[in-house]
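Below you'll find the structure, written out as structure tokens, and then a few comments.
The values are calculated or read from the model by the stated rules, or taken from the named source; none is laboratory data. Not measured: the values here are computed from a predicted model. In this analysis, Cβ positions are derived from the backbone assuming ideal geometry, glycine residues included, and neighbour counts consider all displayed protein chains.
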Amino acid sequence: MKILIIGSNGFIGSHCVKYFITKGFEVFQADVTESLETNFYKIESQNSDFSLPIKEHRFDVCINASGSAHVGFSFENPSRDFELNVVNVQKILVAIRDFNSDCKLINFSSAAVYGNPQSLPITEHSSCRPLSPYGFHKLQSELLLTEYHNFFGLNTCSLRVFSAYGPRLKKQLFWDLYLKALKNDEVSLFGTGKETRDFIYIDDLLQIIDLVIQNSPFQGSIYNVANNQEITIAEAAQVFLKEFSSEKKVVFNGEVKVGDPNNWIADMGKLKIYGFEPKYNLAIGIKKYTEWLKEQE
């Protein structure tokens, strides 16, 4: 099977490359950064064009793991966030429509589309009320995938990723904890610590991608990508510090960070039908992540 991974040098994309090579796929990569890898396409960061690899090869699957994944950045530069998370998705869809219409497209969306849900757990049919430009842009990217399925017959699928983590991740909660713990005995975080998230380790996320490729009808389909386990930020921080630096202490400043939701836990019923069973709880996943962090020092 031939697969194109766009954003192949990023956190999720780089793991996808290794995973699908191991699975025996013929893997092609595309990213804005340079690479000496074979089957690699350099994409310009401005006025990007994704058509060349899709013109030159008949891909069975295209995974778009590119774009911005930073809520704060979307407030600072909403135009650039829109370009990365909406305009580029539309360009990819056009290239597939024009040159490789049988290709299955998997696009990474985000649980940010939900905002603060009215009830838990969150199903794929829960109302979408984004709290940030990032969340709105991810929702717009999903609508594009539905549009191109409905009107042009493309095979499309959106993955609403909750709180993914693992080796190579250099942003969000655990990376923030790492940087602060290096410099301070007392680590300060936003909020009260009672806020909750549904964390998923990268290897479980890869399992989901594989199951989606095998089982999804790709009809503008949407799936939650999480662990179906609600964990407070305070608990998650303690698990991390216990593994990384047990003498450190975490405190919460009580301030609400703009764009952050209160409580999340995902209903994973759709993917359980495909056979999804998470293999990593937070303790195991954090142990593997902190081992990687220590290797970087």
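Scan the range 255-282 residue by residue and report those that are touching a Ser or Thr at 6+ places or on another chain (Cβ under 6 Å) and at pLDDT below 95.
Selection gives Gly259 alone.
Table: residues versus (1) surrounded by fewer than 23 Cβ atoms within 10 Å (Cβ to Cβ); (2) under 23 Å from Asp102 (Cβ atoms); (3) not small (Gly, Ala, Ser).
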| position | (1), (2), (3) |
| --- | --- |
| Ile6 | no, yes, yes |
| Ser14 | yes, no, no |
| Phe20 | yes, yes, yes |
| Phe25 | yes, yes, yes |
| Ala30 | no, yes, no |
| Glu34 | yes, no, yes |
| Ile43 | yes, yes, yes |
| Asn47 | yes, no, yes |
| Ser51 | yes, yes, no |
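Mind checking which residues of the range 72-99 are buried (at least 23 other Cβ atoms within 10 Å of the Cβ) and more than 17 Å from Leu159 (Cα to Cα)?
Ser74, Asp81, Ile96
Please go through (1) in contact (Cβ under 8 Å) with a residue 60 or more places away in the chain; (2) farther than 25 Å from Cys16 by Cβ; (3) assigned to a loop (DSSP other than H, G, I, E, B) for Ser246 and return the number of the only condition it doesn't satisfy.
The single condition Ser246 does not satisfy is (1).
Between residues in the range 166-181 that are within 19 Å of Tyr280 (Cα to Cα) and residues that are of a type in the set (S, T, N, Q), which pairs lie under 7 Å by C-beta distance while being six or more apart or on different chains?
Matching pairs, first to second residue: Arg168/Ser14.
Determine, yes or no, whether Phe59 is modelled with pLDDT of 95 or more and either among the small types (Gly, Ala, Ser) or part of a helix (DSSP H, G or I) (or both).
Spelling it out, it is not the case that Phe59 is modelled with pLDDT of 95 or more and either among the small types (Gly, Ala, Ser) or part of a helix (DSSP H, G or I) (or both).
Look through Glu147, Glu124 and report the one residue that is among the acidic types (Asp, Glu) and part of a helix (DSSP H, G or I).
Glu147
Hey, Leu169 hits all of (1) closer than 29 Å to Gly269 by Cα; (2) among the hydrophobic types (A, V, I, L, M, F, W, C); (3) out of contact with any His (no Cβ under 8 Å at 6 or more places or on another chain); (4) not in a loop (DSSP other than H, G, I, E, B) but one; which does it fall short on?
(4)
Within the range 202-238, which residues are β-branched (Val, Ile, Thr), touching a helix residue (DSSP H, G or I) at 6+ places or on another chain (Cβ under 7 Å) and assigned to a strand (DSSP E or B)?
Ile222, Val225, Ile231
When only residues in the range 251-297 that are of a type in the set (Gly, Ala, Ser) and surrounded by 13 or more Cβ atoms within 10 Å (Cβ to Cβ) count, which is farthest from Asp198 (Cα to Cα)?
My answer is Gly259.
Here's the yes/no breakdown for (1) in a strand (DSSP E or B); (2) over 25 Å from Leu211 (Cα atoms); (3) of a type in the set (A, V, I, L, M):
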{"position": "Thr33", "(1), (2), (3)": "no, yes, no"}
{"position": "Glu37", "(1), (2), (3)": "no, yes, no"}
{"position": "Asp49", "(1), (2), (3)": "no, yes, no"}
{"position": "Ser74", "(1), (2), (3)": "no, yes, no"}
{"position": "Ile96", "(1), (2), (3)": "no, no, yes"}
{"position": "Asn107", "(1), (2), (3)": "yes, no, no"}
{"position": "Leu131", "(1), (2), (3)": "no, yes, yes"}
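Pairs please, first residue from the range 123-141 and crowded, with 16+ Cβ neighbours inside 10 Å and hydrophobic (A, V, I, L, M, F, W, C), second anywhere and at pLDDT below 95 and not in a helix (DSSP H, G or I), Cβ atoms under 6 Å, 6+ apart in sequence or on different chains.
Leu131/Gly259
Is at least one residue of the range 222-231 over 19 Å from the mean Cα position of the chain (by Cα), of a type outside the set (Gly, Ala, Ser) and either at pLDDT 95 or above or within 18 Å of Lys171 (Cβ to Cβ) (or both)?
no
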